[in-house]
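**Q** So that we are looking at the same thing, I have put the structure below in structure tokens.
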Amino acid sequence: MAYSLKNELNKPERLACGHRMCAGCGAPLAVRGVLRAMDEDQKAVIGCATSCLEVSTFMYPYTSWKDSFIHNAFENSAATVSGVEAAHKAMLRKGKLNKDFKFIAFGGDGGTYDIGFQSLSGAMERGHDMVYVCYDNGAYMNTGTQRSSATPQFADTTTTPQGSHSNGKIQIRKDLASVMAAHDIPYIAQTTFVKNFKDLHEKSKKALDKKGAAYLSIMSPCPRGWRYPSEMLMEICQLAIDTCYWPMFEVEDGKWTLSYKPKNKRPIEDFLRPQGRFKHLFKPGNEHLIAEMQAEVDRKWDELLVRCGEK
């Protein structure tokens, strides 16, 4: 049957409804998008770090996952899944198994950028045939919205509260997709939820079909931590890519390719304004903070254009 995005998006769900994720949360959309890219007859072994996603989709003895599922500690999702993948290879080699599986690890940015970075880097460097998916919501949302290294500059979090003597988090966010690209793995991609989910689906498909290690970074907004109305999820994502705060690109076998270039690049304040975590930036006298964020976004965007041969 010829490829049809409509048919692909109508595949049976592998993450069952009835989970406890918040309305307007991007994490379940990330999972559904990645798993839907698998062929219907394929089986997966999935590891998930302790996170909002894990505690809301797997409360023993109930689970929303239709594939084999392993609950990992906060820091070792990549290590666990890479170990299962290595064991699978050994059993195939010894003739004890004759079935093929996909191996997928999920983690939030806290369990990926920070506490789980060592195991992620190790799994990618060793080249395990697996896909690591970071659903990036920019903070430790499960434990109370503490800052992570994925938290954007000047965001108001419980550990970087804005106030009379603070403008929120002072550091710029870590560019983990570029760090993964430095591991020279076969596939890295950055995406989010826009239009008909075509970009998310196609990149997930590439990651799953690629032989070797692959990394997907999916911006997955959090309505509680970002403080936006639940129904604005898709609008927030569109603003993220139109302001170039969250560029969409892929690195396939070392080649950088830009996936989306806005016709009219919007100012960063359009992305910041709907979010309560940036409310303080719009107080009189804080105009220089927005200008500082804009300069950083422009710098990273120009750097990406050069990498992708667009400039």
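Laboratory data are not the source of any read-out in this text; all were calculated from the coordinates shown. Note that this is a predicted model, so its numbers are computed, not measured. FYI the Cβ positions are ideal-geometry reconstructions off the backbone, even for glycines, and counts take in every protein chain you see.
**Q** Below 8 Å, C-alpha to C-alpha, sequence gap of six or more: please give me the relative contact order for the chain in percent.
**A** After rounding, I find 16 percent.
**Q** Moving on. Can you tell me what share of the DSSP beta bridges in the chain is antiparallel? A percent to the nearest 5 is fine.
**A** 35
**Q** Helix 77-93 against the longest principal axis of the chain: what's the angle in degrees, Cα atoms only, rounded to the nearest 10?
**A** Value to nearest ten degrees: 20.
**Q** Report, in whole Å, the centroid distance computed from the Cα atoms of the range 45-64 and the range 124-148.
**A** Between the Cα centres of the range 45-64 and the range 124-148 lies a distance of 15 Å.
**Q** Next question. Provide ASP109, ASP199, ASP156, ASP41 in ascending order of the number of other Cβ atoms located within 10 Å of each residue's Cβ, fewest first.
**A** Least crowded to most crowded, the residues run ASP41, ASP199, ASP156, ASP109.
**Q** Given TYR113, PHE74, PHE101, which one lies farthest toward the positive end of the charge dipole of the range 60-125, if we put +1 on the Cβ of every Lys and Arg and -1 on the Cβ of every Asp and Glu?
**A** PHE101
**Q** Then there is this: Would you list SER230, SER77, SER149 from fewest to most Cβ contacts within 10 Å?
**A** Ranked by crowding around the Cβ, least crowded first: SER230, SER149, SER77.
**Q** May I ask for the net charge around MET91, where only other residues with Cβ less than 15 Å from the Cβ of MET91 are counted and Lys, Arg are +1 while Asp, Glu are -1?
**A** +3
**Q** Only four residue types carry charge here, +1 at the Cβ of Lys and Arg and -1 at the Cβ of Asp and Glu. Report the dipole size of the range 231-308 about the Cα centre in Debye, rounded to the nearest 20.
**A** It works out to roughly 160 debye.
**Q** Now for a different question. Suppose R0 equals 22 Å. What FRET efficiency, 1/(1 + (r/R0)^6) with r the Cβ-Cβ distance, do ASP253 and GLN42 give to the nearest 0.05?
**A** That pair, ASP253 with GLN42, gives E of 0.45.
**Q** Order of ASP175, ASP209 from fewest to most other C-beta atoms within 10 Å?
**A** Neighbour counts put them in this order, fewest first: ASP209, ASP175.
**Q** Here's another thing I want to ask about it. Past 25 Å, Cα to Cα, is the threshold; run LYS11/LYS300; LYS43/LYS255; LYS6/LYS205; LYS203/LYS263 against it and keep the listed order.
**A** LYS11/LYS300; LYS43/LYS255
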